[in-house]
Structure formats: C-alpha cells, structure tokens
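To start, the structure under review is shown below, and the notes come after it.
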Amino acid sequence: MNSPIVVGGFLPALAWGITAIFQKQSATSATGSAVYLIAFGAACALAGLIAAIIWRPAPWTAEGLGFAAIAGACFAVGTGLISFALFTYGVPVSKLAPIWSCNVLVTLAIGAVFLGEASELDMVKLVAGTLLIISGALLVSSA
C-alpha cells in the first residue's frame, strides 16, 4: 500500500474512528459539550507542541495561521455539535458516525468549486461514489 495513503488516509480514519468511541464515552460520563471541547482542544494543543518538537515545523505565516484557525473553528463547531447530540439526546454513536462521515462530499464539492480541482474529477465515478456514500450512510445509520 502507498505510504501517503496509509499515513494520510488509513491511520487518520483509524484514529478518528477511535475518537468517536471516546467522545461517546465522554458524553455518557456526564461531560457536556463545552467541557469536552476544552479537554479536546487542550489535547490537540499538546499534540501540536509535541509535533513541533518532533517534526521540523514550517515557517509561520499570517495567512497560514488564519486558515488553520478557520479550520479549527469549523472542526470545533462540528465536534461540539456531535458531542451535544451524544450528551443531550443519548443517540448512539453508530447512528451518527455514518452521517458525519459524509463530510467527504462537502470537501469534494468545495475542492472542485473553490480550489479548481473539478478538472481532475471523473464525473461518472463522482456521481456513482456520491450515491454509494449517501446510500451507505443512510443504510448503516438506520441499521
């Protein structure tokens, strides 16, 4: 298997899948969304500090920091809403995970429209994959 696919695809998918289980455990341990986001954010900040020590960090730019902050804010909103649903409604994580995993479709659409990546996409495969992702999410979340 290709290293970038393992490092940037398989391992993050594994880590995020495990993350969802601990997020559910946090919610069932009476930790509300705000406290969850604080603990989660602190762990992310610590991971960033460790990464800066281990990996040679790239130079910081105002533009790069701005994009990173926006990405963090979007991630925090999504993570906070998941935590809120798990805590407030007690919904099983196995029902939510297939739906929030459709985020790849949002990334594809934004990448195609705003980053000019549309020319690199095979529309037949894109439509077929989109239908499979949505069908799979609906099927798995209703299991």
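The values are calculated or read from the model by the stated rules, or taken from the named source; none is laboratory data. Keep in mind the model is a prediction, meaning the values are calculated, not measured. Every residue, glycine as well, gets a Cβ built from its backbone with ideal geometry; the counts of neighbours run over all protein chains shown. Ligands, DNA and RNA are stripped out before the accessible areas are found, and what is left, the full protein with its side chains, is counted by its heavy atoms. Shrake-Rupley method; radii C 1.70, N 1.55, O 1.52, S 1.80 Å.
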Which one of these does Lys95 not meet: (1) open to solvent by less than 50 Å² (accessible area, probe 1.4 Å); (2) touching a helix residue (DSSP H, G or I) at 6+ places or on another chain (Cβ under 6 Å); (3) part of a helix (DSSP H, G or I)?
-> (1)
Within the set of pairs 6 or more residues apart or between chains, which connect a residue that is basic (Lys, Arg) inside region 40-69 to a residue that is surrounded by 10 or more Cβ atoms within 10 Å (Cβ to Cβ) with Cβ atoms less than 6 Å apart?
-> none
Among what's in region 72-92 and is loosely packed, with under 13 Cβ neighbours inside 10 Å and among the aliphatic types (A, V, I, L, M), pick the residue that is nearest to Gly17 (Cα to Cα).
-> Val77
State the number of residues belonging to region 62-71 that are over 16 Å from Thr107 (Cβ atoms) and surrounded by 10 or more Cβ atoms within 10 Å (Cβ to Cβ).
-> 5
Could you list, in sequence order, all residues of region 1-16 that are within 16 Å of Cys44 (Cα to Cα) and not aliphatic (A, V, I, L, M)?
-> Pro12, Trp16
Given the conditions (1) open to solvent by 60 Å² or more (accessible area, probe 1.4 Å); (2) over 25 Å from Ile99 (Cβ atoms); (3) in a helix (DSSP H, G or I), which single one is not true for Ala58?
-> (3)
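In region 36-53, what residues are in contact with a helix residue (DSSP H, G or I) (Cβ under 9 Å, 6 or more places away or on another chain) and either more than 10 Å from Ser83 (Cα to Cα) or exposed (fewer than 13 other Cβ atoms within 10 Å of the Cβ) (or both)?
Ala39, Phe40, Gly41, Cys44
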Every pair of residues 6+ apart whose Cβ atoms lie under 7 Å, when the first sits in region 79-99 and is within 23 Å of Gly41 (Cα to Cα) and in contact (Cβ under 8 Å) with a residue 24 or more places away in the chain while the second is of a type outside the set (S, T, N, Q) and open to solvent by 60 Å² or more (accessible area, probe 1.4 Å) | Ile82/Trp100; Val93/Ile21
Exactly one condition in (1) within 30 Å of Ile134 (Cα to Cα); (2) under 16 Å from the mean Cα position of the chain (by Cα) is not met by Ala43; state its number.
-> (1)
When region 108-142 is examined, which residues are found to be among the polar types (S, T, N, Q) and open to solvent by less than 90 Å² (accessible area, probe 1.4 Å)?
-> Thr130, Ser135, Ser141, Ser142
